[in-house]
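The block underneath contains the structure these notes are about, expressed in structure tokens.
The values are calculated or read from the model by the stated rules, or taken from the named source; none is laboratory data. Please read these numbers as outputs of a predicted model, since none were measured by experiment. Cβ coordinates were reconstructed from backbone atoms using ideal geometry, including for glycine residues, and neighbour counts include every protein chain displayed. To get the accessible areas, we keep the full protein, side chains included, count just its heavy atoms, and leave off ligands, DNA and RNA. Shrake-Rupley method; radii C 1.70, N 1.55, O 1.52, S 1.80 Å.
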Amino acid sequence: MNPSPNRPKDRKKIRRSTWMPALLLVYLFGMTVWFAPELIARGETARLIIVFLSEVFIIVLLRFFLLKRERQQGEE
């Protein structure tokens, strides 16, 4: 039985380890574009860079965690 009756059989399900980090990266870049000019104008460039890099690091950790979790669930 097909677990999702509305999805055609030839379409592959997008894994959570792909779509969640991608969505968070889009959100991060959107927030950066929105707030960066104001932060740079106030001289808070270091804060902008530190927050951006820390969020990228967290998203990369999330990706590896989700990949590991998917592999463990696949082995069961």
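Each label was represented as a point 7 Å from its Cα along the Cα-to-Cβ direction; for residue 52 and residue 70 these points are 2.8 nm apart. Computed from Cα positions, the angle between helix 16-41 and the longest principal axis of the chain comes to roughly 10 degrees.
Summarise the accessible area of the chain (1.4 Å probe, protein heavy atoms) by the percent that is carbon and sulfur. It is 66 percent, rounded to a whole number.
Relative contact order of the chain: 45 percent, from C-alpha pairs under 8 Å at least 6 residues apart in sequence.
Each label was represented as a point 7 Å from its Cα along the Cα-to-Cβ direction; for residue 44 and residue 16 these points are 3.3 nm apart.
Region 10-76: which trypsin sites (Lys or Arg not before Pro) are DSSP loop and have at most 12 other beta-carbon atoms within 10 angstrom? Passing sites in region 10-76 are 11, 12, 13, 15, 42. Across the alpha-carbon set of the chain, the Rg to Rh ratio works out to 1.19, Rh being the Kirkwood radius. Relative to the longest principal axis of the Cα atoms of the chain, the long axis of helix 45-75 makes an angle of roughly 10 degrees.
The residues of the chain have, on average, 89 Å² of accessible surface per residue, using a 1.4 Å probe with all protein chains present. Dipole check for region 20-76: with +1 at the C-beta of Lys and Arg, -1 at the C-beta of Asp and Glu, and the Cα centre as origin, the magnitude is about 80 Debye.
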